[in-house]
Amino acid sequence: MDYFSNRRILLIDDMPQIHEDFRKILVGNSAESELDDVEAMLFGTKADTSFVGFELDSAYQGQDGMEMVQKSLDANLPYAMAFIDMRMPPGWDGVETTERLWQLDPRLQIVICTAYTDYSWEEVLTRLDTRDRLLILKKPFDLIEVRQLANTLTAKWVSGQQAALKMEHLEQIVQERNSEVLQANRLLENEINERKLLESQLIQSEKLASIGQLAAGVAHEINNPIGFIFSNFSTLETYLERLFEMLTAYENAEGHIASPSLVTEIKNLRERIELQYLKDDIPYLINESKDGITRVSKIIQDLKDFSRTDTAQQWEWADLHRGIESTLNIIASEIKYSADVIKEYGAIPEVECMPSQINQVIMNLVVNAVHASVSSRGQITIRTGTGNEQVWIEIEDKGSGIPEDVLPRIFDPFFTTKPIGKGTGLGLSLSYGIIQKHNGHIDVSTAIGRGTKFRIILPIKHIDNDCHGA
Ligand SMILES: Nc1ncnc2c1ncn2[C@@H]1O[C@H](COP(=O)(O)OP(=O)(O)OP(=O)(O)O)[C@@H](O)[C@H]1O
Ligand SMILES: [Mg+2]
């Protein structure tokens, strides 16, 4: 329907004569010229020959009127206005009919026609509540009044529609702008997050690099003294063996000493210095010290293996089990008070990777597993295996598990459920980035109160995504 030229009018009146009169006034026929004459006389205008008639429908009771309004709406041909008689026995009166019609179509402009004052108009207006769509026409009325009301109110309906349309259009523009702003905000937020992530990765890798350099420096400095201490201990051991040999010879010779006072002196001295105890304890002390030194050099080797400062960050074939072992040694003090580690290693081939970064991932996952095992002594199982040109590593704990609402966010940078100072929320996001760089996957399965399992899958051979058709 053309909403901008709606001239559809509904007349609801129980008197057939009224319908005839309205038809003459509004629909444009021979009576029209008579009306034009009246208008010319009243307003001093020339008779209007361009009168555009209205489309007038008739109903004789409020209920019929309501049905017609419903039908007109269903057919998308709404009425612009309705003339409604106040008294229409036996059915609804004008006020009730108006109420009902507005429930169906609140846009409808209504003129209530009445000769009676059986309602107080104040009461009617309060009851109908909406005053700007309602006019009251008192009988007897002039023909020109009816036509002018029809002209004005249908035009008002059209203006209302136009305004509503404009408003809708404006709202749409505002909504579009809003969603553009939202979109821009989202992009900005993503960019900020990306930058934060890059920054944190940079900080982390700088940290790693400086830890690595420190470790390499310390390892280098300690390696030399440890080397000579260890070799000195071995020499000392052989010297002591010789001294003990000499001592035994002296002891054997004691029986041949003639001076009894000298014999007593030697005996007292032996007892005072607990010679037998020294002879037993010295080899033990030497062995224990050698063990200690071996352990120190192992720790240094682990530090070097973990940070791989002897090689630049580059792709190389590495034994993952060795990486796991050195990582476990580095964090041994963190693990030993809270959990037991069970190793179920499979026979896996070497993997082309950046070993120190994979070590970093293992460390993050194991430390998380330790942190999750706070309520009782934990059990962390580390499994490895291979298949389909891939190697997998599982790190499973029997800890708290991850709640459903936390799970989707664990790989987000800076997401942590740990108290300030205990977690930065970067461990998993960095690990995720590292595994992605290796063209691998990291999966998680978890059950509240039963524990969590992270599974890393890595391709055995590195696929270089930066090489195009080399
Ligand atoms: N094994 C696990 N069991 C239970 N929750 C876990 C486990 N691993 C990770 N989470 C949850 O995921 C969150 C994010 O882990 P992530 O390693 O990224 O950060 P973090 O451990 O809190 O801090 P950071 O590792 O930077 O010190 C943790 O705070 C924790 O809520
Ligand atoms: Mg962590």
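Around GLY385, which amide H atoms from residues at least 5 apart in sequence, or from another chain, sit under 5 Å from its own amide H, with H modelled in the peptide plane?
The answer is GLY346, TRP392.
Probe radius 1.4 Å, ligands and nucleic acids left out: which of THR248, THR114 has the largest accessible area, and how do the rest follow?
Largest accessible area first, the residues go THR248, THR114.
Starting from the Cα of LYS398, draw a straight line to each of the lysines and keep only those under 21 Å, dropping any in the same chain fewer than 8 residues away.
Partners within reach: LYS336, LYS343, LYS418, LYS422, LYS453.
Nearest 5 is fine: what % of DSSP beta bridges in the range 324-470 come out antiparallel, could you say?
Looking only at bridges with both residues in the range 324-470, the antiparallel portion is about 80 percent.
Just flag the GluC sites (Glu not before Pro) in the range 360-468 sitting in loop per DSSP whose Cβ has no more than 11 other Cβ atoms within 10 Å.
Numbers: sites: GLU389, GLU394, GLU396, GLU404; in loops: GLU389, GLU404.
Counting only loop positions with at most 11 other Cβ atoms within 10 Å, the GluC sites (Glu not before Pro) in the range 360-468 are GLU389, GLU404.
How large is the convex hull of the C-alpha atoms of the range 48-115 per residue, in Å³?
Values: hull volume 6.9 nm³, N = 68.
Convex hull of Cα atoms, per residue: 102 Å³.
Find how much the distance from LEU187 to ALA155 grows on full extension, using 0.36 nm per residue of separation minus their present alpha carbon separation; answer in nm with one decimal.
6.8 nm
From the residues GLY425, SER373, THR386, which one has its Cα farthest along the dipole of the range 316-459 in the positive direction, the dipole being from +1 and -1 charges on Cβ of Lys/Arg and Asp/Glu about the Cα centre?
SER373
In the chain, what percentage of the DSSP-assigned beta bridges are antiparallel, given to the nearest 5?
50 percent
Per residue, what volume in Å³ does the Cα convex hull of the range 316-459 take up?
Output value, Cα hull per residue: 106 Å³.
How high is the FRET efficiency between ASP142 and ASN76 when r is their beta carbon distance and R₀ equals 35 Å, given to the nearest 0.05? Don't jump to the answer; show the numbers that get you there.
Details: r = 34 Å, r/R0 = 0.98.
Efficiency, from the Cβ-Cβ distance: 0.55.
Over the chain, what is the relative contact order in whole percent, taking alpha-carbon pairs under 8 Å and six or more residues apart?
It rounds to 9 percent for the chain.
What nm distance separates the two modelled labels at GLN314 and LYS166, each placed 7 Å from Cα along Cα→Cβ?
Simple spin-label model gives 7.3 nm for this pair.
Please give the peptides 168-176, 4-12 ranked by average Cβ packing (other Cβ atoms within 10 Å per residue), highest first, as a rough proxy for protection.
In decreasing order of mean packing, 168-176, 4-12 become 4-12, 168-176.
Quick one: how many Å² of TYR277 are accessible to a 1.4 Å probe, rounded to 10?
Ignoring ligands and nucleic acids, TYR277 comes out at about 130 Å².
Counting other Cβ atoms within 10 Å of each Cβ, which trypsin sites (Lys or Arg not before Pro) in the range 372-452 have at most 12 and sit in a DSSP loop?
Qualifying residues, ordered by number: ARG377, LYS422, ARG450.
Using a 10 Å cut-off on Cβ atoms, rank the peptides 255-261, 235-241 from the highest mean neighbour count down.
Values: 255-261: 8.0, 235-241: 12.1.
Highest mean packing first, the order is 235-241, 255-261.
Just to confirm, what accessible area per residue do you get for the chain at 1.4 Å probe, in whole Å²?
60 Å²
How large is the accessible surface of TRP121 in square angstrom, using a 1.4 angstrom probe and rounding to the nearest 10?
In the full protein context, TRP121 sits at about 50 Å².
GLU122 accessible area, nearest 10 Å², 1.4 Å probe?
About 130 Å², ignoring ligands and nucleic acids.
Mind computing the radius of gyration and Dmax over the alpha-carbon atoms of the chain? Å is fine for both.
Just the Cα atoms of the chain yield Rg and Dmax of 49.5, 171 Å.
Magnitude of the Cβ-charge dipole of the chain, K/R +1 and D/E -1, about the Cα centre, nearest 20 debye?
1460 debye
May I ask you to give the percent of accessible area on the chain that is carbon plus sulfur, with a probe radius of 1.4 Å? Please report the intermediate quantities before stating the final value.
Details: 15520 of 28070 Å².
So the carbon and sulfur contribution to the accessible surface is 55 percent.
If you find the alpha carbon centre of the range 376-439 and of the range 225-281, how far apart are they in angstrom?
Cα centroid of the range 376-439 versus Cα centroid of the range 225-281: 59 Å apart.
The values are calculated or read from the model by the stated rules, or taken from the named source; none is laboratory data. Note that the coordinates shown come from a computational prediction; the quantities given were computed from them, not determined experimentally. Neighbour counts are summed over all protein chains in view; Cβ atoms, including those assigned to glycine, are modelled from backbone coordinates with ideal geometry. With ligands, DNA and RNA removed, areas are computed over all heavy atoms of the protein, side chains included. Shrake-Rupley method; radii C 1.70, N 1.55, O 1.52, S 1.80 Å.
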